[in-house]
Amino acid sequence: MDKEEARLLRIVDRFRGRRIAVWGDFILDEYLYGRTRRISREAPVLIISYEHGEFSLGGAGNSVLNLEALGASPLPIGVVGRDESGQKIIDFLRGRSISTRFLLRSGELRTPIKMRVLAGEENTRKQQILRIDKDSVVPDRPALKKRLRQGLRDASSRCAALLVSDYNYMTVRADIYIEILPLYTKRKLPLTLDSRFRLLHFSGMTAATPNEPEVEDALKVELGENAKLLVKAGSRLLRRLQSPALLVTRGSRGLALFESGRSPFLIPVHGSTDIVDVTGAGDTVISVFTLALACGAAFRDAARLANFAGGIVVMKKGTATVTAQELKDAISS
């Protein structure tokens with residue numbers, strides 16, 4: 001065993017019980033499974049015989065599940081509706097003994113749902129054929145924002161890091177972020193950000209973890225597969241975010257880490273480049289990266305661990321998680 005392998009394994013050993021606050025948009029992922037029968041006479045569409053359904057957590061909830069699978073103690077902070085879907089999220093978390101103390105309920109919010117229909121022939125792997133999104137925005141109400149701020153304040157004295165998961169449903173707002181940021185920086189707690197469409201609305205965090213299309217959207221550039229353009233864009237984005245680090249996820253090309261005062265660190269993808277499913281992979285990457293930083297890891301070691309985790313999760317079907325043991329096995333392989 002070399003020094004790097006031993007160091008990474010020691011970091012993973014420190015994951016257990018580490019409390020990580022997760023502030024963001026909580027989404028109910030619903031999966032409907034069926035068997036394809038024939039083409040409808042009413043329209044050129046498939047008729048599916050329903051077999052069964054199940055649900056899981058999406059958005060910030062997927063980061064919560066990833067942290068739990070790694071042995072950490074996640075602390076969700078967000079808003080769900082006073083509806084059946086919101087109650088399902090609450091019950092799901094409580095069923096796993098995950099605290100819902102800072103998960104607020106709002107009668108004005110319809111809990112966001114992503115409904116996926118998966119179907120195939122009998123005894124074959126089901127493929128996603130349709131997704132229906134039921135979107136809703138968290139209301140901009142002073143009383144609700146006050147309760148969110150209080151939850152984030154309380155969490156700052158209870159957790160080892162804050163992971164911000166912004167899916168643009170407006171649980172994460174710039175005015176709240178600006179107010180609570182000093183609480184975390186004063187305590188030198190890592191604060192990481194995954195923002196789908198509003199990356200430049202937030203600055204001063206420890207590190208953001210955008211994918212390449214999100215970098216392109218933020219800077220209005222086209223990267224393609226040009227590594228030189230990526231390096232230039234990453235360095236520019238790092239300056240604009242005023243952060244010590246930036247971790248860019250690149251799909252089958254791995255990760256790119258940018259740090260103030262250091263050369264970019266490009267990490268090739270772990271494992272096969274024949275990816276099965278990238279759904280939720282970004283949540284896995286930021287979860288491992290944040291947890292490693294909370295355990296005292298340097299940015300490069302945290303990025304290495306996140307790369308291992310990303311390589312594992314994209315070989316799994318659907319929104320999946322990675323366990324600490326799977327991570328250790330990948331490090332040792």
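Looking only at region 162-190, filter to residues that are buried (at least 18 other Cβ atoms within 10 Å of the Cβ) and hydroxyl-bearing (S, T, Y); which one of those is nearest to W23 (Cα to Cα)?
Going through the qualifying residues, I end up with S165.
Just name the residue that is nearest to the chain's Cα centre (by Cα) out of those in region 64-82 that are in a helix (DSSP H, G or I) and over 17 Å from R101 (Cα atoms). Step through it out loud before you land on a result.
Step one: of region 64-82, the residues in a helix (DSSP H, G or I) are 64-69.
From the residues that got through so far, the ones that are over 17 Å from R101 (Cα atoms) too are 66-67, 69.
Values: N66: 8, L67: 10, A69: 13 Å.
This residue is N66.
Mind listing whichever residues of region 32-77 are under 30 Å from R16 (Cβ atoms) and aromatic (F, W, Y)? Please lay out each step first, then the result.
Residues of region 32-77 that are under 30 Å from R16 (Cβ atoms), as a first pass: 54-77.
Correct list: F55 only.
Listed here are the residues, each with its yes/no results for (1) over 18 Å from H201 (Cβ atoms); (2) loosely packed, with under 15 Cβ neighbours inside 10 Å; (3) touching a residue at least 24 places away in the same chain (Cβ under 8 Å); (4) not basic (K, R).
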{"residue": "L219", "(1), (2), (3), (4)": "no, no, no, yes"}
{"residue": "N226", "(1), (2), (3), (4)": "yes, yes, no, yes"}
{"residue": "L230", "(1), (2), (3), (4)": "yes, no, yes, yes"}
{"residue": "Q242", "(1), (2), (3), (4)": "no, yes, yes, yes"}
{"residue": "R250", "(1), (2), (3), (4)": "yes, no, yes, no"}
{"residue": "L255", "(1), (2), (3), (4)": "yes, no, yes, yes"}
{"residue": "G261", "(1), (2), (3), (4)": "yes, yes, no, yes"}
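Those residues that are free of Cβ contacts under 8 Å to residues at least 40 places away in the same chain and within 18 Å of R125 (Cβ to Cβ), I need them from region 30-85; list them, please.
Of everything in region 30-85, those that are free of Cβ contacts under 8 Å to residues at least 40 places away in the same chain and within 18 Å of R125 (Cβ to Cβ) turn out to be R37, S49, Y50, E51, H52, G53, E54.
So which of G34, G78 ends up being more than 23 Å from L162 (Cα to Cα), in contact with a strand residue (DSSP E or B) (Cβ under 8 Å, 6 or more places away or on another chain), crowded, with 19+ Cβ neighbours inside 10 Å and not acidic (D, E)?
On the way: G78 fails: more than 23 Å from L162 (Cα to Cα).
Of the residues listed, the single one that is more than 23 Å from L162 (Cα to Cα), in contact with a strand residue (DSSP E or B) (Cβ under 8 Å, 6 or more places away or on another chain), crowded, with 19+ Cβ neighbours inside 10 Å and not acidic (D, E) is G34.
Could you check, for region 272-291, whether at least one of its residues is at positive phi, in a loop (DSSP other than H, G, I, E, B) and modelled with pLDDT under 95?
The initial filter retains those residues of region 272-291 that are at positive phi, namely 280.
Narrowing the set further to residues that are in a loop (DSSP other than H, G, I, E, B) leaves 280.
After this cut, where a residue has to be modelled with pLDDT under 95 as well, the list is 280.
There is at least one residue in region 272-291 that is at positive phi, in a loop (DSSP other than H, G, I, E, B) and modelled with pLDDT under 95.
So which residues in region 108-134 are assigned to a loop (DSSP other than H, G, I, E, B) and at pLDDT below 95, if there are any at all?
Just the residues of region 108-134 that are assigned to a loop (DSSP other than H, G, I, E, B), to begin with: 108-112, 121-126.
Those that are assigned to a loop (DSSP other than H, G, I, E, B) and at pLDDT below 95: E121, E122, N123, T124, R125, K126.
Report whether or not G151 is surrounded by 15 or more Cβ atoms within 10 Å (Cβ to Cβ) and in contact with a strand residue (DSSP E or B) (Cβ under 9 Å, 6 or more places away or on another chain).
Considered against the rule, which asks whether it is surrounded by 15 or more Cβ atoms within 10 Å (Cβ to Cβ) and in contact with a strand residue (DSSP E or B) (Cβ under 9 Å, 6 or more places away or on another chain), G151 comes out as yes.
The values are calculated or read from the model by the stated rules, or taken from the named source; none is laboratory data. If you're wondering where the values come from, they're calculated on a predicted model, not measured in any experiment. Don't worry about glycine lacking a Cβ; one is built from the backbone with ideal geometry, like all the others, and counts go over all protein chains shown.
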